[in-house]
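Report on one structure; see the data block that follows.
The values are calculated or read from the model by the stated rules, or taken from the named source; none is laboratory data. Just so we're clear, the structure is a prediction, and the values are computed from it rather than from any experiment. Glycine gets a Cβ as well: all are built from the backbone with ideal geometry, and neighbour counts include every protein chain shown.
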Amino acid sequence: MKTVLLTGGLGFIGSHIAVNLIESDYKVIIADDLSNSKIETLDKIEKITGKSPIFYQVDVCERKLLEKTFSENRIDSVVHLAGYKSVAESTQEPIKYYRNNLISTLTVLEEMQKYKIAQFVFSSSATVYGSENPVPYKEDMKIGNCTNPYGHTKLISEEIARDVAKANPYISVMMLRYFNPVGAHSSGLIGEEPQGEPSNLMPYICKVASGEYEYLSVFGNDYPTKDGTGVRDYIHVEDLAEGHVKALEYLKNNPGSHIFNLGTGQGYSVLEILEAFEKANNVKISYRIEPRRPGDLSEFYADPSKANEVLDWRAERTVEDMCRDSWNYVLTNSKTDKF
Ligand code: UD1
């Protein structure tokens, strides 16, 4: 049985990856500082899979503390997700983002070098494609010109990982460029729980559906898109998690540096998502058209053909699945009996 260290493994995406890895017969070690996740998620992972990951509460920037995870276990691969992820916050507090997201990547790679760990999978983002590429985005496009510091931390982390692989031929690295992850585990046990007011679309829609907010602000209806609202490539988090298992399998036999888009290849507008959510869940979502949100792109979606062909991975779940599972998570975890 191979052992994977999963940093940020109790977060929204990390917890789904943990489930998938365990179900694919990996031994999972989670390093997470609980800064944007909850310890209860560990029990939920166990409830879904019947197995509990080994857990270290650790800030992966703290080298001495992170080292314990390497010295106490025989790790085969690292899947690195730990990092801050709010685009808006990154524009207000760039140093916090650069410090945390870059030092965490450096520290993890440094420990990997020290313990001669062969495989590194990095949680990157479509945001690295910047604002000037035509859609659909392909892995060989020029990257850069990100619209925010969060995006730059992903871009720079990719470069760091590539350089480390070049200098250490026994280390192979894979950048997985996520598009817009939404949805939740079909059990309703794990899902997305943003702290404070959500900035992403699906969590905000859920809060309107639950009555916490009166309406959704639709940021702009004058984009050159099918209905004027922003278009994105929403991907179910369970599909995304499955991509990581495929990534690890591929890295075993393919040294070097690799990049793959994880998206569906389909773009949906804000209004299409709204409509799909209403239909899937039989609820009404009030909305108001508001001005564009600064930094937003009009539309982007993946060309996922490389991952489809090379990794034998494909996003299978529909937008209806994404809307149903996102809402199911809210219903399952609601503390009131309002619904
Ligand atoms: C952003 C980041 C991406 C990051 C992702 C996290 C950029 C270019 N992209 O994606 O790097 O990984 O967040 O999931 O910075 N919208 C509304 N009303 C709302 C919220 C959103 O109309 O209340 C619209 C947006 O204008 C956009 C779409 O919904 O058209 C999706 O927005 P969001 O969920 O915030 O994700 P992105 O901005 O695409």
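Pick out the one residue from ARG293, ARG317, ARG324 that is touching an Asp or Glu at 6+ places or on another chain (Cβ under 8 Å), of a type in the set (D, E, K, R) and either more than 10 Å from the ligand (Cβ to nearest atom) or assigned to a loop (DSSP other than H, G, I, E, B) (or both).
On inspection, the qualifying residue turns out to be ARG317.
Step by step: first the residues of the stretch 266-282, then only those that are surrounded by fewer than 20 Cβ atoms within 10 Å (Cβ to Cβ) and part of a loop (DSSP other than H, G, I, E, B), then the one that is farthest from the ligand (Cβ to nearest atom). Which residue is that?
Taking the candidates together, the pick is ASN282.
Might you let me know whether the stretch 303-322 holds any residue that is modelled with pLDDT of 95 or more, within 25 Å of GLU89 (Cα to Cα) and surrounded by 22 or more Cβ atoms within 10 Å (Cβ to Cβ)? Write out each step before concluding.
First, pick out the residues of the stretch 303-322 that are modelled with pLDDT of 95 or more: 303-322.
Narrowing further to those that are within 25 Å of GLU89 (Cα to Cα): none.
Within the stretch 303-322, none of the residues are modelled with pLDDT of 95 or more, within 25 Å of GLU89 (Cα to Cα) and surrounded by 22 or more Cβ atoms within 10 Å (Cβ to Cβ).
Of (1) surrounded by fewer than 16 Cβ atoms within 10 Å (Cβ to Cβ); (2) outside any helix (DSSP H, G or I); (3) over 22 Å from the mean Cα position of the chain (by Cα), ILE285 satisfies all except one. Which?
Every listed condition holds for ILE285 apart from (1).
Only one residue in ALA18, ALA31 is surrounded by 16 or more Cβ atoms within 10 Å (Cβ to Cβ) and either more than 20 Å from the chain's Cα centre (by Cα) or not in a helix (DSSP H, G or I) (or both), so which one is that?
ALA31 is the lone residue from the list that is surrounded by 16 or more Cβ atoms within 10 Å (Cβ to Cβ) and either more than 20 Å from the chain's Cα centre (by Cα) or not in a helix (DSSP H, G or I) (or both).
Could you grab me the full set of residues in the stretch 83-113 that are more than 12 Å from THR153 (Cα to Cα) and touching a strand residue (DSSP E or B) at 6+ places or on another chain (Cβ under 9 Å)?
Once the filter is applied, which keeps residues that are more than 12 Å from THR153 (Cα to Cα) and touching a strand residue (DSSP E or B) at 6+ places or on another chain (Cβ under 9 Å), the stretch 83-113 yields VAL108, LEU109, GLU111, MET112.
Quickly run through the stretch 43-54 and pick out the residues that are farther than 15 Å from VAL78 by Cβ and buried (at least 20 other Cβ atoms within 10 Å of the Cβ).
LYS44, ILE45
Considering the stretch 150-160 alone, what residues qualify as being within 10 Å of the ligand (Cβ to nearest atom) and either of a type outside the set (Gly, Ala, Ser) or more than 17 Å from the chain's Cα centre (by Cα) (or both)?
Step one: filter the stretch 150-160 for residues within 10 Å of the ligand (Cβ to nearest atom), giving 150-151, 154.
Result: TYR150, LYS154.
Please determine, by comparing only the residues of the stretch 198-212 that are more than 9 Å from the ligand (Cβ to nearest atom) and assigned to a loop (DSSP other than H, G, I, E, B), which one is surrounded by the most Cβ atoms within 10 Å (Cβ to Cβ).
Only one residue fits best here, namely SER210.
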